[in-house]
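The values are calculated or read from the model by the stated rules, or taken from the named source; none is laboratory data. Keep in mind that what you see is a predicted model, and the values were worked out from it rather than measured. Here the Cβ positions follow ideal geometry from the backbone for every residue, glycine too, while neighbour counts run over all protein chains shown.
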Amino acid sequence: MENGLTDSVMFDINLLKEMDFGRSKVTFNPPVSPSNPGESLVMRPLSSGDFDRGFMQLLSQLTSVGETTQDKFLERFNGMKSTGSYYVVVVEDTDRNQVVAAATLILEQKFIHECALRGRIEDVVVNSEQRGKQLGKLLMATLTLLSQDLGCYKTTLECSETNITFYEKFGYVKDKEVYMQNRH
Ligand SMILES: CC(C)(COP(=O)(O)OP(=O)(O)OC[C@H]1O[C@@H](n2cnc3c(N)ncnc32)[C@H](O)[C@@H]1OP(=O)(O)O)[C@@H](O)C(=O)NCCC(=O)NCCS
């Protein structure tokens, strides 16, 4: 890291390393896994150094990210990390030193269902140059299993109509409930 400090990671990397990925219902050809995502690729938790590895530029392929300084990024990173509820997973291209794919699992704490946890998947994005190489599939399969491993009773996400068939691959089904929002 440029300031000489060690990078901080958002969560325990062993959750990915030790995951029993064999139980995933999704098939990969060629075979890939969190510990072996492909040549020159590493899957890991988001790191405080990823601001310099194009993380915000990657997110800008999903939606508007605005002007985010490194300080602002680090403040948000540390805030998320301190809750213990945010699992931002990235894929880094180690040849280019760039983050090329990312997705987020958030654990929502509930009182209902005996104080259950609900997993929410957000901000799934693969760099446009790297799409079609199973990275989106690998991230979604990983986060769905991670949500299960962390004890969530269900995992949910919101998506556009055009992405429904993508998420159905991982067992997600369209619910009868309607997604509502009030923009501020
Ligand atoms: C959607 C997205 C994450 C998929 O990532 P990807 O790495 O290109 O997808 P993969 O290579 O892992 O494809 C996996 C499978 O899903 C299919 N697929 C990919 N994108 C799809 C889409 N938008 N809709 C339906 N199926 C899709 C592929 O054909 C492939 O099928 P197969 O396993 O039968 O061969 C990626 O296209 C992306 O970042 N899009 C822009 C951001 C976005 O829309 N994010 C989702 C927000 S809800």
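Which count do you get for residues in region 69-109 that are over 19 Å from ASN14 (Cα atoms) and small (Gly, Ala, Ser)?
Result for region 69-109: 2.
Please find, within region 134-161, the residue that is nearest to the ligand (Cβ to nearest atom) out of those that are closer than 23 Å to PHE111 by Cβ and of a type in the set (S, T, N, Q).
Going through the qualifying residues, I end up with THR156.
Within the set of pairs 6+ apart or on separate chains, which have a first residue in region 22-46 that is assigned to a loop (DSSP other than H, G, I, E, B), a second that is away from the ligand (no atom under 14 Å from the Cβ) and of a type in the set (Ser, Thr, Tyr), and C-beta atoms under 6 Å apart?
Between residues of region 22-46 that are assigned to a loop (DSSP other than H, G, I, E, B) and residues that are away from the ligand (no atom under 14 Å from the Cβ) and of a type in the set (Ser, Thr, Tyr), the close pairs are SER40/THR94.
Can you tell me how many residues in region 10-58 are within 16 Å of the ligand (Cβ to nearest atom) and closer than 23 Å to LYS169 by Cβ?
Matching residues across region 10-58 total 18.
Look at HIS184 and say whether it is farther than 16 Å from GLU92 by Cα and either part of a loop (DSSP other than H, G, I, E, B) or touching a Cys at 6+ places or on another chain (Cβ under 9 Å) (or both).
Details: farther than 16 Å from GLU92 by Cα: yes; either part of a loop (DSSP other than H, G, I, E, B) or touching a Cys at 6+ places or on another chain (Cβ under 9 Å) (or both): yes.
Considered against the rule, which asks whether it is farther than 16 Å from GLU92 by Cα and either part of a loop (DSSP other than H, G, I, E, B) or touching a Cys at 6+ places or on another chain (Cβ under 9 Å) (or both), HIS184 comes out as yes.
Inside region 42-52, can you point out the residues that are more than 16 Å from the chain's Cα centre (by Cα) and within 14 Å of VAL88 (Cβ to Cβ)?
Pass one, region 42-52, residues more than 16 Å from the chain's Cα centre (by Cα): 49, 52.
GLY49 - this is the single residue of region 42-52 that is more than 16 Å from the chain's Cα centre (by Cα) and within 14 Å of VAL88 (Cβ to Cβ).
For the structure I just gave you, tell me whether LYS81 is among the charged types (D, E, K, R), surrounded by 18 or more Cβ atoms within 10 Å (Cβ to Cβ) and either within 12 Å of the ligand (Cβ to nearest atom) or modelled with pLDDT of 95 or more (or both).
yes
Quick one: which helices (runs of 4 or more DSSP H) sit completely within region 98-171 and have at least 3 residues that are surrounded by 15 or more Cβ atoms within 10 Å (Cβ to Cβ) and polar (S, T, N, Q)? Give the derivation first.
Values: elements: 112-115, 135-149, 164-168.
Filter on region 98-171 gives 135-149.
Which one of these does GLU39 not meet: (1) more than 20 Å from ASP95 (Cα to Cα); (2) surrounded by fewer than 12 Cβ atoms within 10 Å (Cβ to Cβ)?
With (1) more than 20 Å from ASP95 (Cα to Cα); (2) surrounded by fewer than 12 Cβ atoms within 10 Å (Cβ to Cβ) applied to GLU39, the lone miss is (1).
Within region 49-83, count every residue that is of a type outside the set (S, T, N, Q) and touching a residue at least 40 places away in the same chain (Cβ under 8 Å). Write out each step before concluding.
If we filter region 49-83 for residues that are of a type outside the set (S, T, N, Q), which is where we start, we get 49-56, 58-59, 62, 65-67, 71-77, 79-81.
Subset that is touching a residue at least 40 places away in the same chain (Cβ under 8 Å): 49-50, 52-55, 58-59, 62, 77, 80-81.
Looking only at that region, the number is 12.
Could you go through region 98-119 and let me know if any residue there is more than 9 Å from the ligand (Cβ to nearest atom), in contact with a Ser or Thr (Cβ under 6 Å, 6 or more places away or on another chain), free of Cβ contacts under 8 Å to residues at least 60 places away in the same chain and not aliphatic (A, V, I, L, M).
Looking through region 98-119, at least one residue is more than 9 Å from the ligand (Cβ to nearest atom), in contact with a Ser or Thr (Cβ under 6 Å, 6 or more places away or on another chain), free of Cβ contacts under 8 Å to residues at least 60 places away in the same chain and not aliphatic (A, V, I, L, M).
Answer yes if at least one residue in region 85-93 is touching a Pro at 6+ places or on another chain (Cβ under 7 Å) and in a loop (DSSP other than H, G, I, E, B), and no otherwise.
Checked region 85-93: no residue is touching a Pro at 6+ places or on another chain (Cβ under 7 Å) and in a loop (DSSP other than H, G, I, E, B).
Return the residue satisfying two criteria in turn: it lies in region 162-180 and is within 19 Å of LYS25 (Cβ to Cβ) and without any contact (Cβ under 8 Å) to a residue 12 or more places away in the chain, and of such residues it is farthest from the ligand (Cβ to nearest atom). Steps first, answer last, please.
So the first thing to find is which residues in region 162-180 are within 19 Å of LYS25 (Cβ to Cβ), and the list is 163-174.
Retained after the next criterion (residues that are without any contact (Cβ under 8 Å) to a residue 12 or more places away in the chain): 163-165, 168, 173-174.
Working: ASN163: 5, ILE164: 7, THR165: 4, GLU168: 8, VAL173: 15, LYS174: 13 Å.
Checking each candidate, the answer is VAL173.
So ASP7 fits all but one of (1) surrounded by 13 or more Cβ atoms within 10 Å (Cβ to Cβ); (2) assigned to a loop (DSSP other than H, G, I, E, B); (3) touching a residue at least 40 places away in the same chain (Cβ under 8 Å); what number is the exception?
(1)
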